[in-house]
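Notes follow once the structure below has been shown.
The values are calculated or read from the model by the stated rules, or taken from the named source; none is laboratory data. Just so it is clear, the structure is predicted and the values come from calculations on it, not from any experiment. Cβ atoms come from the backbone with ideal geometry, glycine included; neighbour counts cover every protein chain shown.
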Amino acid sequence: MVLPLLAGLAVAAAALAGRYGVQAWQAYKARPVVPRVDQTENLRQGQENASPDKVKEAHKKVMVANHPDAGGSHYLASKINEAKDVLLGKTKGGGSAF
């Protein structure tokens, strides 16, 4: 008597988990892709040809506020470092999958 009830609950839980997974996947796929050049705009602060010193200064200011050791996020710190590298010409911006 208990076994059919447990089996039914397991099937219902699996169906709900599958539904949630499909909805999450569809929401993930619907996100717009933001080019890396647009992401670096925050460090550049609207300046067309920012000098390397200004980029490094802006990077330092943003990293002080968002460093993981000061309670910031590791993900955000990696994105800030990646934006700095793109602006300084060290990489093309394709290093991260996120």
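Miscellaneous remarks
- A residue that is exposed (fewer than 10 other Cβ atoms within 10 Å of the Cβ), modelled with pLDDT of 90 or more and part of a helix (DSSP H, G or I) occurs nowhere in region 37-48.
Let's see how each residue does on (1) under 23 Å from VAL33 (Cβ atoms); (2) part of a loop (DSSP other than H, G, I, E, B); (3) at pLDDT 85 or above:
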{"position": "ASP53", "(1), (2), (3)": "no, no, yes"}
{"position": "ALA77", "(1), (2), (3)": "yes, no, yes"}
{"position": "LEU87", "(1), (2), (3)": "yes, no, no"}
{"position": "GLY93", "(1), (2), (3)": "yes, yes, no"}
{"position": "SER96", "(1), (2), (3)": "yes, yes, no"}
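- Number of positions in region 17-29 that are surrounded by 10 or more Cβ atoms within 10 Å (Cβ to Cβ) and of a type outside the set (Gly, Ala, Ser): 5
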